[in-house]
Amino acid sequence: MDPRIPRLRRKLGAVPYQPLRSHSFGEEQHTFCLGPRLTEARVAAFEAEHDIVLPDAYRHFLTHIGGSGAAPFYGLMPLQRCSLLVMNPRGEPGAPRGFEDAGPGARERDLFLHVIEMGCTDVCVIAVSGPLTGRVLIGNSDGFWGPNVSSATDFLDWYERWLDHMSAGRDNRALELTSPRLRAHPNRHHMVPKI
């Protein structure tokens, strides 16, 4: 088992009770509860069905922490609801790129698994093939913004960053965290720095 797993469990258990923690957008949806952990057999069946290999950190989360629930935005989707996506081809230099369903013939392209519900057409994905394998990206399916690749090395680091920033009462636009200080300010919508 990954040594980060017990630490993440402890942090997640403590965060909801910290009075000066940040507000995490969508927390009302998951209420910091996790769905049941998945068995290795269930994860292996999903991988076989979709002909992919899940990144180790994400797999460890599913099998040792929880199969859905508490996560940034509206929470971690159950594995059976996760879908494979591909990034749209490059357009103009510097233009945002969207995501679309990985249909037939998409296996030659880099694949991304949509794992966290952000709302509307925004997506939070994990790269499951290609040079970004294991990294978390957020973007918009229609290509209105992003995609942004997290600097976290894998899903567990990304998840821990969310917990740490929330616990410290920090603002983080990329993770949709709002600090108590910013929530109390009358001009809070104009003060949040764009990342």
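Against the condition touching a helix residue (DSSP H, G or I) at 6+ places or on another chain (Cβ under 9 Å) and within 29 Å of Gly169 (Cα to Cα), how does Thr31 come out, does it pass? In short, yes. Every condition in (1) in contact (Cβ under 8 Å) with a residue 60 or more places away in the chain; (2) outside any helix (DSSP H, G or I) holds for Ala57 except the one numbered (2). Screening Leu8, Leu12, Leu62, Leu84 for residues that are part of a strand (DSSP E or B) and surrounded by 17 or more Cβ atoms within 10 Å (Cβ to Cβ) leaves exactly one candidate, Leu84.
Glu108 - would you say it is open to solvent by 40 Å² or more (accessible area, probe 1.4 Å) and in contact (Cβ under 8 Å) with a residue 60 or more places away in the chain? Against the criterion (open to solvent by 40 Å² or more (accessible area, probe 1.4 Å) and in contact (Cβ under 8 Å) with a residue 60 or more places away in the chain), Glu108 does not qualify.
Considering (1) in contact (Cβ under 8 Å) with a residue 40 or more places away in the chain; (2) crowded, with 20+ Cβ neighbours inside 10 Å; (3) part of a loop (DSSP other than H, G, I, E, B), the lone condition that Gly67 does not fulfil carries the number (1). The residues of the range 137-168 that are crowded, with 20+ Cβ neighbours inside 10 Å and among the β-branched types (Val, Ile, Thr) amount to a single one, Ile138. The residues of the range 77-105 that are in contact (Cβ under 8 Å) with a residue 40 or more places away in the chain and of a type in the set (A, V, I, L, M, F, W, C), listed by number, are Met77, Leu79, Leu84, Leu85, Met87, Ala95, Phe99. If the condition is being basic (Lys, Arg), modelled with pLDDT under 90 and not in a loop (DSSP other than H, G, I, E, B), then the range 138-195 contributes Arg181, Arg183, Arg188.
The values are calculated or read from the model by the stated rules, or taken from the named source; none is laboratory data. Keep in mind that what you see is a predicted model, and the values were worked out from it rather than measured. Backbone-built Cβ (ideal geometry, glycine too); neighbour counts: all protein chains shown. Calculation scope for accessible area: heavy atoms of the full protein, side chains included, ligands and nucleic acids excluded. Shrake-Rupley method; radii C 1.70, N 1.55, O 1.52, S 1.80 Å.
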